[in-house]
Amino acid sequence: MKALTWHGTHDVRVDNVDDPEIVNPRDAILKITSTAICGSDLHLYDGVIPGVVPGDVLGHEFMGEVVETGKDSTLEKGQRVVVPFTISCGGCFHCRIQQYSACENSNPAEKQDMSAKLYGHPMAGLFGYSHLTGGYSGGQAEYVRVPYSDVGPIAIPDHLEDDQVLFLSDILPTGWMAAENAEIQPDDTVAVWGCGPVGLFAIQSAIVMGANKVIAIDHYPHRLELAKQLGAEVINFKETYVREALMEMSGGIGVDAVIDAVGMEAHGFAIDNMVDVVKQKVGIGADRAAALKQALLAVRPGGRVSIPGVYGGMTDKFPLGALMEKGLQVRSGQTHVQRYTKDLLDKIEDGTLDTTFLISHRLPLTEAPRGYECFKEEQDTWTKVVLKPDMERAA
């Protein structure tokens with residue numbers, strides 16, 4: 001089959017690889033109908049996530065048709081399903097309390113030491129996201145094996161198109177959990193750093209949850225316009241002093257909650273961020289946390305900090321004093337996707353949430369390398385890329 005594989009920094013290729021096979025009774029095999037390029041994939045593309053091996057199949061946002069099942073799978077051949085990017089067993093302590101992204105069993109035992117040394121505990125398994133997270137083949141391919149298929153996938157009604165539901169795999173529940181972690185109250189002013197896919201869904205979610213005012217911070221005009229169309233007020237950080245503007249927009253007290261939807265490759269002109277850029281390029285694990293640092297200083301005392309943006313290593317010059325002295329509450333983590341998919345599917349069906357506004361480009365799988373390049377280099381106009389293997393089959 002054809003699949004997008006990683007071969008080095010800024011080097012991804014569509015190769016012919018072996019078809020996936022059932023290896024566990026709970027497995028299922030999907031024929032991919034839609035798969036997306038995620039902002040987190042760019043961390044792999046840029047070479048800032050360790051544990052990626054040449055030939056690894058990428059992609060963790062995907063859906064498709066069930067074509068084969070193990071004897072213990074609850075799926076049926078012919079079903080259309082969306083698959084969470086988090087691989088979760090459903091039976092361990094963390095899965096039982098719906099902390100699915102902390103699953104204890106989905107990362108194979110022989111690979112757990114890689115992340116345990118970094119973080120104190122092993123990470124759960126994730127699709128297409130390095131051997132730190134199990135080394136599972138991803139869904140930017142014609143077919144994919146889905147472990148624990150009785151736990152993760154959600155069946156999709158025939159009347160819903162792929163474009164309406166694909167983002168249940170990751171970025172929609174990630175944006176929703178980001179807003180939930182901000183503990184939004186009706187009178188709140190909420191600031192969101194980053195108007196990429198997760199940031200836009202966090203903005204949409206915060207508004208649905210009843211925030212009084214949502215302020216979007218970015219520097220790409222089109223992305224800021226999308227945020228404005230959702231109902232947010234906007235700040236272009238290249239034209240405005242952000243903290244001063246947020247104080248004015250929040251009545252002088254500071255915003256009640258902040259959401260960092262940027263993560264480890266934040267833009268910024270402060271000297272420490274520029275140093276971190278250099279460190280990333282020479283292979284030192286220094287996350288660029290300019291957005292998070294700014295958010296911690298801008299939120300009011302006693303405020304809430306939500307961090308859906310991906311961080312993978314260490315960061316220098318972190319304002320720990322501001323975090324402690326201001327009495328801030330911080331919540332973060334990979335998304336517990338399975339906790340949210342049913343409710344979010346209902347909200348898509350009843351029109352409460354729209355996802356299709358985000359899609360800017362649809363490409364056949366063979367054009368995935370161009371999709372990665374443009375998604376990185378033209379972020380203002382390439383807001384979300386969906387790959388369609390069927391476009392290739394039809395051709």
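Here are the numbers for this structure:
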| item | result |
| --- | --- |
| Helices (runs of 4 or more DSSP H) wholly inside segment 333-395 that include at least 3 residues being charged (D, E, K, R) and out of contact with any Pro (no Cβ under 8 Å at 6 or more places or on another chain) | 337-349, 368-377 |
| Unique match (being buried (at least 17 other Cβ atoms within 10 Å of the Cβ) and either out of contact with any strand residue (DSSP E or B) (no Cβ under 7 Å at 6 or more places or on another chain) or without any contact (Cβ under 8 Å) to a residue 24 or more places away in the chain (or both)) among Cys38, Cys103 | Cys103 |
| Options Thr5, Thr33: the member that is under 23 Å from Pro173 (Cα atoms), open to solvent by less than 50 Å² (accessible area, probe 1.4 Å), part of a strand (DSSP E or B) and of a type in the set (Ser, Thr, Tyr) | Thr33 |
| Criterion: open to solvent by less than 20 Å² (accessible area, probe 1.4 Å), within 21 Å of Gly312 (Cβ to Cβ) and in contact with a Leu (Cβ under 8 Å, 6 or more places away or on another chain) - qualifying residue of Gly194, Gly199, Gly175 | Gly175 |
| Residue among Gly313, Gly327, Gly371, Gly302 that is at pLDDT below 95, of a type in the set (Gly, Ala, Ser) and touching a strand residue (DSSP E or B) at 6+ places or on another chain (Cβ under 9 Å) | Gly313 |
| Residues satisfying the stated conditions in segment 298-312, i.e. buried (at least 16 other Cβ atoms within 10 Å of the Cβ) and either closer than 22 Å to Glu248 by Cβ or touching an Asp or Glu at 6+ places or on another chain (Cβ under 6 Å) (or both) | Ala298, Val299, Arg300, Gly303, Arg304, Val305, Ile307, Gly309, Tyr311 |
| Helices (runs of 4 or more DSSP H) contained in segment 167-251 and holding at least 1 residues polar (S, T, N, Q) | 171-181, 197-208, 221-230 |
| Positions within segment 110-136 being in a loop (DSSP other than H, G, I, E, B), closer than 17 Å to Val310 by Cα, of a type outside the set (S, T, N, Q) and open to solvent by less than 50 Å² (accessible area, probe 1.4 Å), in sequence order | Met123, Ala124, Gly128, Tyr129 |
| Test: residue in segment 5-13 that is closer than 23 Å to Tyr100 by Cα and hydroxyl-bearing (Ser, Thr, Tyr) | no |
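The values are calculated or read from the model by the stated rules, or taken from the named source; none is laboratory data. Computed from a predicted structure; not experimentally measured. Please note: Cβ atoms are built from the backbone with ideal geometry, for glycine as well, and neighbour counts cover all protein chains shown. With ligands, DNA and RNA removed, areas are computed over all heavy atoms of the protein, side chains included. Shrake-Rupley method; radii C 1.70, N 1.55, O 1.52, S 1.80 Å.
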